[in-house]
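Student: Dumping the structure here so I can ask a few things about it.
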Amino acid sequence: MHRLRTCAARLRPLTASQTAQNFSQQRPAAVPRTFQPVRCYTAPVAAEPFLNGTSSNYVEEMYYAWLENPKSVHKSWDVFFRNANAGAPPGMAHQRPLSLATLPQAQSLVGAQPDVEKLVEDHLAVQSLIRAYQIRGHHVAQLDPLGIMDADLDSHIPNDIITSSDKLGFYGLDESDLDKVFRLPTTTFIGGTETALPLREIIRRLEMSYCQHIGVEFMFINDLDQCQWIREKFEKPGAMKFTLEEKRTLLARMVRSTRFEEFLQRKWSSEKRFGLEGCESLIPALKTIIDKSSEKGVENVVIGMPHRGRLNVLANVIRKELEQIFCQFDSKLEAADEGSGDVKYHLGMYHRRINRVTDRNITLSLMANPSHLEAVDPVVQGKTKAEQFYCGDTEGHKVMSILMHGDAAFAGQGVVYETFHLSDLPSYSTHGTVHVVVNNQIGFTTDPRMARSSPYPTDVARVVNAPIFHVNADDPEAVVYVCNVAAEWRATFHKDVVVDLVCYRRLGHNEMDEPMFTQPLMYKQIKKQKGVMQKYGEKLIAEGAVTRQEYEEEIAKYDKICEEAHVRSKDEKILHIKHWLDSPWPGLSRILKARGEMIKNRMVDWALGEYMAFGSLLKEGIHVRLSGQDVERGTFSHRHHVLHDQNVDKRVCIPMNHVAPNQAPYTVCNSSLSEYGVLGFELGFAMASPNALVLWEAQFGDFHNTAQCIIDQFICPGQAKWVRQNGIVLLLPHGMEGMGPEHSSARPERFLQMCNDDPDVFPVYDFAIRQLHDCNWIVVNCSNPANFFHVLRRQILAPFRKPLIVFTPKSLLRHPEARSNFDEMLPGTEFQRLIPEKGPAANNPSGVKRVIFCTGKVYYELTKERSARGMEDTVAITRMEQLSPFPFDLVKAESEKYPDADLVWCQEEHKNQGYYDYVKPRIRTTIHRAKPVWYAGRPPAAAPATGNKKAHLVELKNFLDNAFNLDAVKDQV
């Protein structure tokens, strides 16, 4: 370095500041700064100083390198430094290679004419234009099949992208320059074998490469070879060409993907299956990645994906037998001997088969996953790493992973970021994952403009320099092309790559959901949208690639395969059980009308009880903030606190903000698809003021799993550990509805286990206030809307703040008996910690043989069963609305009221879950252990619920039998 500096000091005639001045004087004023220089002495960088101005340090560094070795910099820089050393005046030292063809390398430009300088400026401008398309062309690509959304959430067209001749002035060019021929830089492949093109053709080819149905993000990658590799794939003329056979194969795959979903919809229209409608091109996309990877030597592919399209992937990619899939809809299958099973769109499969395209063996593993989106990502990576380890595949040539994602989850779930950061760690790397994002442009009901802060859901992938290929999913050929490129990238560089399939969701979040409530404009367009299979079929017919008869025969052939498989599936079916499902409501006005009718009758359901609790607090000047996934409408279409104009985009009304003239504001906001981050945020929000009711609602109760750190570290021990009171409310939908282990249980046992009250000590102080003051949090499971109304208000009316955990209902939201009268909510009424028996049994306590304690939804199943058995006089049913702090005093009074009765705790949860382990010792303490506390409920299990509907009903019958047959309970014990 010392020798270099000495050499520089001895040889250079210009100072660094003079050189910088030289650059700034010859940079055309009309050419703006469009990008920052990078320290790589190549041709595109050579032009950048003239466009951006260049720091003296940058120039000096390059000058040192040139002095050491003139060939270390681009030829144009070599000429510049030679001319500068020869004494060229400011503005005359730079010369483009185009004009060097007939000149010696070091020819002086002293005295050059103005037209030479204009020629240099124009070439620099064209080079800048090319680079602008490479960097920002994706912002104007036609990515949305519906044509109503901008995939990057921004309708602005970058100033440096040429959309009209008027914009040429941005580069100091005008319309007269369109037919001039310009030498192409070495950093573009748009010329093919040509080295120069007219400007008009340059712009056209750039538009074809970067602004059609494919948008490419890659210029942030700091490896020149990788950037050049991608440029060649997308810029080379004629790169995206398909043979006749390839087109016919693609059509056949589109037919299978589309007709599979249509077959399921015809046969089981009322079943949830999370179909692929609107993104049918996912199937050929995955098959293309697998085909290309198999061609490159991959023998084992480990796949992870969410529930949307899983059945289609099982059928048409993994090749699970169709009859096995169909029989899960009409199932006689018993629960497995080991394990409880899960719903069909969560299950996985392992299959080894011949890849028909490459004629090589391929093993495909689709990992089972929970509804906790993206939780499967690190699991897939771990399995892939293990498979690579055990077969000695140290470079990932034989084993690879494919991860599929939803757009909202990809942006919202922190585990995505964490998994990306494992991708290049020596002990964790799987040598490149192909990520495929099914970009519905909507979450469950949340607009992407409310779900992320980044332009694209895929921006998180930029942290590891993964190229991102956005593609319009209604262009199957474009989809297949980018998937081929993605698989080649992974095979070449062994690094992650992202394919962003920009599509739509033809139906709702699931087949039972009504999306028109919250996305009216999108779904009006979707209803008009022609299916992608039909569009592609008509395109090939028009091209002459297939005849209409061949197209229709392909459809008929697959339909026949499905029908035959359906017949075979019936051979194993003896019982049809319709799943418990809510019917979609036909319209929002019906919901509002129903609420009006309830008010006339002085009755409220759960949603209206919540509404009235919020409204009454707002009138009293209490700010209410409700946050979570899809809380504006509510997961179960019950809330509707934000009304959407059915004809005008983003025009909404929040009626709760118009309750009274001087009310406090009501904030209701759909969050990103995150639990950990959002719950932490809401906890911090609740810390700011005690005079605000802050609520976080999980989409389903068990979604709090991924926020467990916040619950364990902050909420549960908040006052004891951090000396901070906090009144945050967690609303956790809970209940065994026969829908499988996911979303059944909010895990009450976890919250109760962390309660700090002593099970062996009967308190001797005031229960209403002191007990609440001493607890670390409050846990309730309300059985009626009035009690829910009161417990929410108590959060603010109490003279202290405690976290409140509410296990909220699902089926009770519309249960005809889960109603409350206005009289239960008037002044003078309050929250009931325990609701005693009020029927015939209460009037004849000496004749009662059994007192059943319970909490939540199971109360309604117990009362129905008691009525059916004619036991209203002999069995009392008592609801424990507040579980913690435990209502010792009220339990004592209820137990003593029925001196001859046995005591039973009944719950729908499994014995090792739910409430039993918490309430049993406390009831025993209350009654001085004078009697046993019998258990009626499901037996112990590892999972929260069975995934088999028949097994669920058998379990329900058994525990109801036990609840009313004490001998059976005693025999079990």
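Student: Across the stretch 492-514, what is the number of residues that are surrounded by fewer than 20 Cβ atoms within 10 Å (Cβ to Cβ) and outside any loop (DSSP other than H, G, I, E, B)?
Tutor: Count: 2.
Student: For the stretch 896-923, give me each residue that is without any contact (Cβ under 8 Å) to a residue 60 or more places away in the chain and crowded, with 20+ Cβ neighbours inside 10 Å.
Tutor: Tyr898, Ala901, Leu903, Trp905, Cys906, Gln907, His910, Tyr916, listed by residue number.
Student: Out of (1) within 23 Å of Leu322 (Cβ to Cβ); (2) more than 28 Å from the chain's Cα centre (by Cα); (3) acidic (Asp, Glu), the odd one out for Glu261 is which?
Tutor: (2)
Student: Does Asp330 satisfy the criteria of being more than 24 Å from Ile526 (Cα to Cα), of a type in the set (Asp, Glu), crowded, with 18+ Cβ neighbours inside 10 Å and at pLDDT below 95? Lay out the reasoning, then the answer.
Tutor: On the way: more than 24 Å from Ile526 (Cα to Cα): yes; of a type in the set (Asp, Glu): yes; crowded, with 18+ Cβ neighbours inside 10 Å: yes; at pLDDT below 95: yes.
Yes, satisfied.
Student: Also, quick follow-up: Do any strands (runs of 3 or more DSSP E) lying entirely in the stretch 194-312 carry at least 3 residues that are buried (at least 18 other Cβ atoms within 10 Å of the Cβ) and not assigned by TED's automatic domain parsing to the domain that holds Gly147, and which ones are they? Quick ask: steps written out before the conclusion?
Tutor: Numbers: elements: 196-198, 214-217, 300-304.
Strands (runs of 3 or more DSSP E) meeting the threshold: 300-304.
Student: Counting only residues that are in contact with an Asp or Glu (Cβ under 9 Å, 6 or more places away or on another chain) and modelled with pLDDT of 90 or more, give me the helices (runs of 4 or more DSSP H) lying completely in the stretch 901-973 with at least 3 of them. Lay out the reasoning, then the answer.
Tutor: Numbers: elements: 916-926, 949-964, 966-972.
Result: 916-926, 949-964.
Student: Moving on to the next point. Give the number of residues within the stretch 804-823 that are buried (at least 20 other Cβ atoms within 10 Å of the Cβ), touching a helix residue (DSSP H, G or I) at 6+ places or on another chain (Cβ under 7 Å) and not in a strand (DSSP E or B).
Tutor: Count: 4.
Quick grid of which residues meet (1) in contact with a strand residue (DSSP E or B) (Cβ under 8 Å, 6 or more places away or on another chain); (2) crowded, with 19+ Cβ neighbours inside 10 Å; (3) in a helix (DSSP H, G or I):
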{"position": "Ser674", "(1), (2), (3)": "no, yes, no"}
{"position": "Glu682", "(1), (2), (3)": "yes, yes, yes"}
{"position": "Val694", "(1), (2), (3)": "yes, yes, no"}
{"position": "Gln699", "(1), (2), (3)": "yes, yes, no"}
{"position": "His704", "(1), (2), (3)": "yes, yes, yes"}
{"position": "Asp712", "(1), (2), (3)": "no, no, yes"}
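Student: Being under 30 Å from Asn705 (Cβ atoms) and either in the same structural domain as Leu521 (by TED's automatic domain parsing) or in contact with a helix residue (DSSP H, G or I) (Cβ under 9 Å, 6 or more places away or on another chain) (or both) narrows it down to one of Leu679, Leu643, so name that one.
Tutor: On the way: Leu643 fails: under 30 Å from Asn705 (Cβ atoms).
Answer to the selection: Leu679.
Student: Okay, next question. Are any residues in the stretch 391-419 among the hydrophobic types (A, V, I, L, M, F, W, C) and either closer than 26 Å to Ile362 by Cβ or without any contact (Cβ under 8 Å) to a residue 60 or more places away in the chain (or both), and if so, which ones?
Tutor: So the first thing to find is which residues in the stretch 391-419 are among the hydrophobic types (A, V, I, L, M, F, W, C), and the list is 391, 399-400, 402-404, 408-411, 415-416.
Listed by number, the residues that qualify are Cys391, Val399, Met400, Ile402, Leu403, Met404, Phe410, Val416.
Student: Looking at Val652, Val668, which one is touching a Leu at 6+ places or on another chain (Cβ under 7 Å), among the hydrophobic types (A, V, I, L, M, F, W, C) and free of Cβ contacts under 8 Å to residues at least 24 places away in the same chain? Even if it seems obvious, please write down each step before you answer.
Tutor: Values: Val668 fails: free of Cβ contacts under 8 Å to residues at least 24 places away in the same chain.
So the residue among Val652, Val668 that is touching a Leu at 6+ places or on another chain (Cβ under 7 Å), among the hydrophobic types (A, V, I, L, M, F, W, C) and free of Cβ contacts under 8 Å to residues at least 24 places away in the same chain is Val652.
Student: I need the full set of residues from the stretch 563-598 which are modelled with pLDDT of 50 or more, among the charged types (D, E, K, R) and farther than 20 Å from His644 by Cβ, in order please. Explain how you work it out, then say what you get.
Tutor: Taking the stretch 563-598 as the starting set, the residues that turn out to be modelled with pLDDT of 50 or more are 563-572, 589-598.
Cutting the leftovers down to among the charged types (D, E, K, R) gives us 563-564, 568, 570-572, 590, 593, 595, 597.
Within the stretch 563-598, Glu563, Glu564, Arg568, Lys570, Asp571, Glu572, Glu597 qualify.
Student: Residue by residue through the stretch 469-528, note down the ones that are touching a Ser or Thr at 6+ places or on another chain (Cβ under 9 Å), modelled with pLDDT under 95 and hydrophobic (A, V, I, L, M, F, W, C).
Tutor: Residues satisfying the conditions are Cys503, Met512, Phe517.
The values are calculated or read from the model by the stated rules, or taken from the named source; none is laboratory data. Quick caveat: nothing in here was measured; it's all calculated off a predicted structure. All Cβ positions, even for glycine, are placed from backbone atoms using ideal geometry, and neighbour counts span all protein chains on display.
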